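J.: I have a structure here, written as structure tokens, and I will follow up with some questions on it.
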Amino acid sequence: MEISEAQILIVDDDRMNREILFRHLINLGYTNISLADSGKTGLEIVDAQPIDLILLDMMMPVMNGLEMLVRLKSNQKSRVIPTIIISALDEKEMMLSSIQNGAEDYLIKPYDRFLLKTRVSACLEKKLLYDREALNKKKLEVAYEELALAYYQLEIVKNELDALSHRDGLTGISNRRYFDTVLEREWNAAKRERKNLSLILFDIDYFKKYNDTYGHLAGDDCLCQVAGTASQVVKRPRDTLARYGGEEFAVILPDTDALGASFCAEGIRDRIESLHIHHIASQIHPYVTVSVGVSSINPHLEVAISQQLIKEADLALYEAKREGRNCVKVWSNKGR
């Protein structure tokens with residue numbers, strides 16, 4: 001806003017005084033001027049439209065200038081409008097009271113036109129600076145809100161990308177990289193808390209023959225069904241089902257002994273067999289089946305590395321395949 005475009009309000013019950021002040025302001029280059037013949041009308045104008053400066057007569061009936069000033073300064077919207085009191089009373093107490101109640105200045109009639117110009121210009125400069133500061137503050141608040149929203153959206157995307165980085169692209173369950181991370185974490189927790197930790201490894205029997213017979217698209221669908229069915233068995237929040245590689249899957253079972261792990265493993269094997277996914281190339285069953293190996297650590301035994309758990313589960317899986325497949329084998333602790 002240019003100062004010459006400022007909205008000025010003259011409040012004076014005397015018509016001649018209003019017109020004289022109006023002409024003076026017009027000659028000074030101000031064109032947006034409103035007139036009020038009473039404090040009540042002045043307050044109504046202030047409430048209805050933006051005002052940048054008020055020139056207020058002190059001596060008015062019903063509501064004098066000081067009373068209107070108090071009303072203006074008690075309102076959050078109008079308190080920032082600079083107000084110049086114009087009065088024929090040259091009394092120090094009146095001047096002091098006006099300034100104490102928020103008036104920017106006090107002019108005594110008859111006022112000097114040069115002094116009027118200087119005081120009006122100074123008040124409008126102050127209002128202009130206030131408006132700019134308020135606008136910049138609002139812009140800054142909007143910018144902060146937009147930045148906060150952007151950070152929030154970025155965090156959502158980050159979390160989504162982080163989740164995707166943990167997921168197998170085909171089956172939607174955890175991938176091998178996430179499996180390695182969780183196993184190490186749970187391994188350390190088991191040693192620290194002296195609790196059991198079990199691992200299940202299982203893979204689809206004769207899966208290569210399944211792909212050769214039905215095609216790779218059917219093979220992918222089979223993998224997804226196996227993963228989805230296993231996830232219905234592995235339900236505890238800390239349990240982790242992952243695609244270990246190709247047609248092989250793994251389940252990490254914190255705070256679970258060999259008996260509990262074998263029960264979970266048998267549930268997985270049985271549910272997958274119950275899917276009745278046809279597999280005419282299987283040498284053991286007309287439907288898709290899995291072989292399962294289980295390993296479990298005892299917190300009272302010293303086991304150096306987490307890879308030992310994987311090795312033993314893998315050996316148990318090998319035993320399951322050697323003994324005819326479609327079964328669960330638990331690695332015996334006697335080997336330790």
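J.: Please work out which residue is farthest from residue 56 (Cα to Cα), limiting yourself to the range 11-44 and to residues that are of a type in the set (Gly, Ala, Ser) and in a strand (DSSP E or B). Spell out the reasoning first.
T.: Taking the range 11-44 and keeping what is of a type in the set (Gly, Ala, Ser), we get 29, 34, 36, 38-39, 42.
Next cut, in a strand (DSSP E or B) only: 34, 36.
Details: 34: 12, 36: 10 Å.
Restricting to residues being of a type in the set (Gly, Ala, Ser) and in a strand (DSSP E or B), the top hit is 34.
J.: Separate question: Residue 118 fails exactly one of the following numbered conditions: (1) modelled with pLDDT under 90; (2) closer than 30 Å to residue 33 by Cα. What is the number of that condition?
T.: (1)
J.: Identify the single condition in (1) at positive phi; (2) in contact with a strand residue (DSSP E or B) (Cβ under 9 Å, 6 or more places away or on another chain); (3) not polar (S, T, N, Q) that residue 29 does not satisfy, given that it satisfies every other one.
T.: (2)
J.: Cβ contacts < 7 Å: first residue in contact (Cβ under 8 Å) with a residue 24 or more places away in the chain, restricted to the range 167-185; second residue buried (at least 20 other Cβ atoms within 10 Å of the Cβ) and among the acidic types (Asp, Glu), any location; separation 6+ or different chain. Result?
T.: 174/168; 175/168
J.: Next question, about the same structure. Out of the residues in the range 134-166 that are of a type outside the set (S, T, N, Q) and either touching a helix residue (DSSP H, G or I) at 6+ places or on another chain (Cβ under 9 Å) or under 30 Å from residue 58 (Cβ atoms) (or both), which is surrounded by the fewest Cβ atoms within 10 Å (Cβ to Cβ)? Write out each step before concluding.
T.: Narrowing the range 134-166 to residues of a type outside the set (S, T, N, Q): 134-135, 137-152, 154-158, 160-164, 166.
Next, only the ones that are either touching a helix residue (DSSP H, G or I) at 6+ places or on another chain (Cβ under 9 Å) or under 30 Å from residue 58 (Cβ atoms) (or both) stay: 134, 166.
On the way: 134: 11, 166: 17.
For the range 134-166, the residue satisfying everything is 134.
J.: Another question about this same structure. Does residue 209 satisfy being of a type in the set (D, E, K, R), modelled with pLDDT of 95 or more and more than 12 Å from residue 244 (Cβ to Cβ)? If you could, list the steps in order and put the result at the bottom.
T.: Details: of a type in the set (D, E, K, R): yes; modelled with pLDDT of 95 or more: yes; more than 12 Å from residue 244 (Cβ to Cβ): yes.
Here the answer is yes, as residue 209 does meet what is asked.
J.: Which numbered condition in (1) over 41 Å from the mean Cα position of the chain (by Cα); (2) assigned to a helix (DSSP H, G or I); (3) surrounded by fewer than 13 Cβ atoms within 10 Å (Cβ to Cβ); (4) charged (D, E, K, R) is the only one that residue 119 fails?
T.: Every condition holds for residue 119 apart from (3).
J.: Also, quick follow-up: Among the candidates 197, 241, which residue alone is surrounded by 19 or more Cβ atoms within 10 Å (Cβ to Cβ), within 35 Å of the chain's Cα centre (by Cα), assigned by TED's automatic domain parsing to the domain that holds residue 286 and more than 19 Å from residue 274 (Cα to Cα)? Quick ask: steps written out before the conclusion?
T.: Numbers: 197 fails: within 35 Å of the chain's Cα centre (by Cα).
Just a single option satisfies the conditions, and that option is 241.
J.: Residues being touching a residue at least 40 places away in the same chain (Cβ under 8 Å), of a type in the set (A, V, I, L, M) and either under 15 Å from residue 178 (Cα atoms) or in a loop (DSSP other than H, G, I, E, B) (or both): count how many of those fall in the range 215-257.
T.: Count: 6.
J.: In addition: Residues being surrounded by 22 or more Cβ atoms within 10 Å (Cβ to Cβ) and under 23 Å from residue 274 (Cβ atoms): count how many of those fall in the range 308-328. Please lay out each step first, then the result.
T.: Here is the first cut: in the range 308-328, the residues surrounded by 22 or more Cβ atoms within 10 Å (Cβ to Cβ) are 309, 312-313, 316-317, 320, 328.
Now drop any that are not under 23 Å from residue 274 (Cβ atoms), which leaves 316-317, 320, 328.
Qualifying residue count, the range 308-328: 4.
J.: Let me ask something else. Could you run through the range 50-74 and say how many residues are touching a residue at least 12 places away in the same chain (Cβ under 8 Å), part of a loop (DSSP other than H, G, I, E, B) and more than 22 Å from residue 15 (Cβ to Cβ)?
T.: Start the filter on the range 50-74 by keeping residues that are touching a residue at least 12 places away in the same chain (Cβ under 8 Å), which leaves 50-73.
Checking the rest, the ones that are also part of a loop (DSSP other than H, G, I, E, B) come to 50-52, 58-64.
Remaining after also requiring more than 22 Å from residue 15 (Cβ to Cβ): 50, 52.
So the answer is 2.
J.: Is the range 30-46 home to any residue that is among the aromatic types (Phe, Trp, Tyr), in contact with an Asp or Glu (Cβ under 9 Å, 6 or more places away or on another chain) and either modelled with pLDDT under 90 or within 30 Å of residue 136 (Cα to Cα) (or both)?
T.: Taking the range 30-46 as the starting set, the residues that turn out to be among the aromatic types (Phe, Trp, Tyr) are 30.
Narrowing further to those that are in contact with an Asp or Glu (Cβ under 9 Å, 6 or more places away or on another chain): 30.
From the residues that got through so far, the ones that are either modelled with pLDDT under 90 or within 30 Å of residue 136 (Cα to Cα) (or both) too are 30.
The answer is yes, given that some residue of the range 30-46 is among the aromatic types (Phe, Trp, Tyr), in contact with an Asp or Glu (Cβ under 9 Å, 6 or more places away or on another chain) and either modelled with pLDDT under 90 or within 30 Å of residue 136 (Cα to Cα) (or both).
J.: For the condition out of contact with any Phe, Trp or Tyr (no Cβ under 8 Å at 6 or more places or on another chain), small (Gly, Ala, Ser) and either buried (at least 17 other Cβ atoms within 10 Å of the Cβ) or within 18 Å of residue 6 (Cα to Cα) (or both), what is the one hit in 98, 74, 87, 78?
T.: Numbers: 98 fails: out of contact with any Phe, Trp or Tyr (no Cβ under 8 Å at 6 or more places or on another chain); 74 fails: either buried (at least 17 other Cβ atoms within 10 Å of the Cβ) or within 18 Å of residue 6 (Cα to Cα) (or both); 87 fails: out of contact with any Phe, Trp or Tyr (no Cβ under 8 Å at 6 or more places or on another chain).
The unique qualifying residue is 78.
The values are calculated or read from the model by the stated rules, or taken from the named source; none is laboratory data. Keep in mind the model is a prediction, meaning the values are calculated, not measured. Every residue, glycine as well, gets a Cβ built from its backbone with ideal geometry; the counts of neighbours run over all protein chains shown.
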